[in-house]
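Q: Encoded as structure tokens, here's the structure I'll be asking about.
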Amino acid sequence: NLSKNMKTTETLPSKDLKRTDVFKINPIDLFIDWASNPRSDYGEKEEWQEFKNQIKIDGVKQPVYVAWDDEKGYILTHGFRRMKAVTELIAEGVDILLVPCFKVKNNQEQILLDHIVLNSGKELTDLEKSETLILLQKYGYEPKELAEKTGISLAKVKILLNFAAEASKTVKTSVKEGKMSFTAATTVVRESKGNVDKQNEVIEKAAKTTTKAKIRVSDVSKSSTTNDKTYKNWFGC
């Protein structure tokens, strides 16, 4: 919801707009660095199409967040899912001339936090959160501080950080591509004690032996008693 003290302008924005300004901008004038967005999962095909259709009919209602950059002009900092839909719709011939924007400071630390705390539409996946948290840790945050700032339980923050630091590229890619559940991936990392060769070996073996569409905890755990329920208790969620 927009604050009552925010004012709205539809004129071409300048770098002098205040933080309380909400304005509308032509989406083609907005610089978007897609690689800066931790999100890779925009939703299943049906879910994504439904989201696009909603924007096609109603437009973008909730302002995206932008910051001023002296070289690039206004850059997108939050609202990548909305802008991805807008970009695809424009490519399909849909006229979307203006999108509402809220100006924020060009502060990378806060932008990273916003990726986690502002996603009310579609929450980041655990994999995406883990990669964002490990970047935030470089700003000197302890796990307890990250838990307080993000609203994620301390137990889960520690597990996400551990996963980001110790999981092999193969493990992360398997989760990202939907070949392996995050719970199974975390189990592999935990039981391998950070040995990436062991992680890759376990995944390769599980991929050959499982008949399921996605590798689960029971496919990779050393303990036959480990399942999704016991994992959730260990995960603290």
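Q: Compute the label zone of Lys72 within the range 111-127: residues whose backbone N is under 20 Å from the point 7 Å along Cα-to-Cβ.
A: 111-119
Q: On full extension of the chain, what length is gained from Lys56 through Leu98, given 0.36 nm per residue of separation minus the C-alpha to C-alpha distance?
A: Fully extending the segment from Lys56 to Leu98 adds 13.9 nm.
Q: In addition: Using amide H atoms built in the peptide plane, which far-off residues or other-chain residues are under 5 Å from Ile215 H to H?
A: Placed amide hydrogens put Met180, Ser181 under 5 Å from Ile215.
Q: Next question. Starting from the range 61-92, pick out the trypsin sites (Lys or Arg not before Pro) whose DSSP state is loop and whose Cβ has at most 15 other Cβ atoms within 10 Å.
A: When the trypsin sites (Lys or Arg not before Pro) of the range 61-92 are filtered for loop state and at most 15 Cβ neighbours within 10 Å, Lys61, Lys72 remain.
Q: Right, something else. Provide the per-residue ³J(HN,Hα) series for the range 147-156, in order, calculated from phi with Karplus coefficients 6.51, -1.76, 1.60 and θ = phi - 60°, each as a whole number of Hz, with x at glycine and proline positions.
A: These are the phi-based 3J(HN,Hα) values: 4, 5, 6, 9, x, 8, 4, 4, 4, 6 Hz.
Q: Test of understanding: what is the full-extension gain from Glu123 to Lys169, defined as 0.36 nm times their sequence separation minus their Cα-Cα distance?
A: 14.3 nm
Q: Please list, in order along the range 97-102, the HN-Hα scalar couplings obtained from phi with the Karplus expression 6.51 cos²θ - 1.76 cosθ + 1.60 (θ = phi - 60°), rounded to whole Hz, x for Gly and Pro.
A: Whole-Hz 3J(HN,Hα) from phi for the range 97-102: 8, 9, 10, x, 10, 10.
Q: So what is the accessible area of the range 61-127 per residue, in Å², with the probe set to 1.4 Å?
A: On the way: 3170 Å² over 67 residues.
Heavy-atom SASA per residue in the range 61-127 reads 47 Å².
Q: Would you work out which of Leu124, Leu98, Val157 lies farthest towards the positive end of the dipole of the range 68-178, given +1 charges on the beta-carbon of Lys and Arg and -1 on that of Asp and Glu, about the Cα centre?
A: Result: Val157, furthest along the dipole toward the positive end.
Q: Please give the FRET efficiency for Tyr42 paired with Glu145, using the beta carbon to beta carbon distance and R0 = 25 Å, rounded to the nearest 0.05.
A: FRET efficiency, Tyr42 to Glu145: 0.25.
The values are calculated or read from the model by the stated rules, or taken from the named source; none is laboratory data. What you see is a predicted model, and the numbers here were worked out from it, not measured in a lab. When we count neighbours, we look across all protein chains shown, and the Cβ atoms used for this are built from the backbone with ideal geometry, even at glycine. The area values use the complete protein model at the heavy-atom level, side chains included, leaving out ligands, DNA and RNA. Shrake-Rupley method; radii C 1.70, N 1.55, O 1.52, S 1.80 Å.
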